[in-house]
Amino acid sequence: MIQFIDVQKTYPNGTIALQNVNLNIEQGEFVAVIGLSGAGKSTLIRCINRMHDITGGRLIVDDVEVTRLRGKQIRRFRRRIGMIFQSFNLVTRTTVIKNVLVSFVPDLPLWRKLTGLFTKEQKIKALEALDKVGILDKAYVRVDQLSGGQQQRVALARTLAQNPDIILADEPIASLDPVTSRMVMNDFKRINQEMNISVIMNIHHVEVALEYADRIIGIRKGEVVFDGESRRVTKEI
Ligand code: ADP
Ligand code: ADP
């Protein structure tokens, strides 16, 4: 469902971030992208939802040629792809449930989203999403009163509320302690297994990647140097 064909990405300043990338990722896979800092992990993930444009080759998601999407089509396309960041990207001075509800009104400016009225159905959906990540009891708490782990789960709930087929996660546990990291990884794993949502995640903790992901993609200097099942990973990557 996600196909990279000879993908290249060169930034405007000349940095070659990806080259000769060929990948095929099926629905329901849990993939960890590993590699040193600067290897191209984040670029690879961000090309999938067109946060970055590829500069060569082809990228196909669900039969859609990603480079051909324009304006409104890009926004609609992104609705099917959840994105989770290291820094959570939440509005911290409002409640957890508001942060989830904003995912139902993607095209409004943020201030209008936050003051918007939501239907009962939307609220139920938001609460269900919070329940899936174990923080239903925090629904009416302000985000800035939550721990880092809880905030990342709010971000995950916000993404789930939009019913994505794919969740992209860019270093989701990089700012969390080891214990909290495992809780968040367990949430990803559960979502992947129970809802068949594909998870593609950048991670620099190799041991955690091996433990949770089914498939590892190793990149070095913009090129895929390993692609296979986690249990086949050898020391040299
Ligand atoms: P990783 O996620 O593995 O740390 P990145 O994908 O962030 O790697 O970066 C890959 C390479 O592209 C690095 O050399 C980085 O400095 C460069 N790079 C990333 N973003 C930009 C940008 N916006 N402009 C120019 N170079 C960039
Ligand atoms: P912190 O982020 O401060 O480390 P957490 O919010 O991760 O704390 O965890 C607080 C409590 O909630 C812990 O006792 C943990 O056992 C429980 N917990 C954390 N994640 C989940 C989850 N996904 N499902 C159920 N319980 C959880």
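The values are calculated or read from the model by the stated rules, or taken from the named source; none is laboratory data. No experiment lies behind these values; they were computed from the predicted model shown. Neighbour counts run over all protein chains shown; Cβ positions are idealised from the backbone, glycine included. The protein model used for the area step is the full one, side chains on, heavy atoms only, and it has no ligands, DNA or RNA in it. Shrake-Rupley method; radii C 1.70, N 1.55, O 1.52, S 1.80 Å.
Numerical summary
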item: Phi to ³J(HN,Hα) by Karplus 6.51 cos²θ - 1.76 cosθ + 1.60 over the range 94-110, Hz, x for Gly, Pro; result: 9, 6, 4, 5, 4, 5, 7, 4, 4, 5, 7, 10, x, 8, 8, x, 4
item: Sorted peptide list for 2-9, 68-75, criterion being average Cβ within 10 angstrom, highest first; result: 2-9, 68-75
item: Once the Cα gyration tensor of the range 156-237 is diagonalised, semi-axes √(5λ) in Å; result: 22, 15, 12
item: Theoretical gain in end-to-end length, residue 121 to residue 232 [0.36 nm per residue, Cα-Cα removed]; result: 35.4 nm
item: Amide H contacts under 5 Å for residue 52, placed H, 5+ residues apart; result: 47
item: Normalised per residue, the volume of the convex hull around the Cα set of the range 23-80 (Å³); result: 102
item: Accessible area of the range 152-202 belonging to carbon and sulfur atoms, whole % at 1.4 Å probe; result: 46
item: Built amide H within the under 5 Å cut-off of residue 83, gap 5+; result: 168
item: Centroid-to-centroid separation of the range 140-211 and the range 48-90 [C-alpha atoms, Å]; result: 19
item: Gain in span if fully extended, residue 80 to residue 193, counting 0.36 nm per residue against the direct Cα distance; result: 38.9 nm
item: Ratio of Rg to Rh over the range 60-217 (Cα coordinates, Kirkwood Rh, two decimals); result: 0.96
item: 5 angstrom amide H check on residue 141, placed H, neighbours 5+ away; result: 96, 97
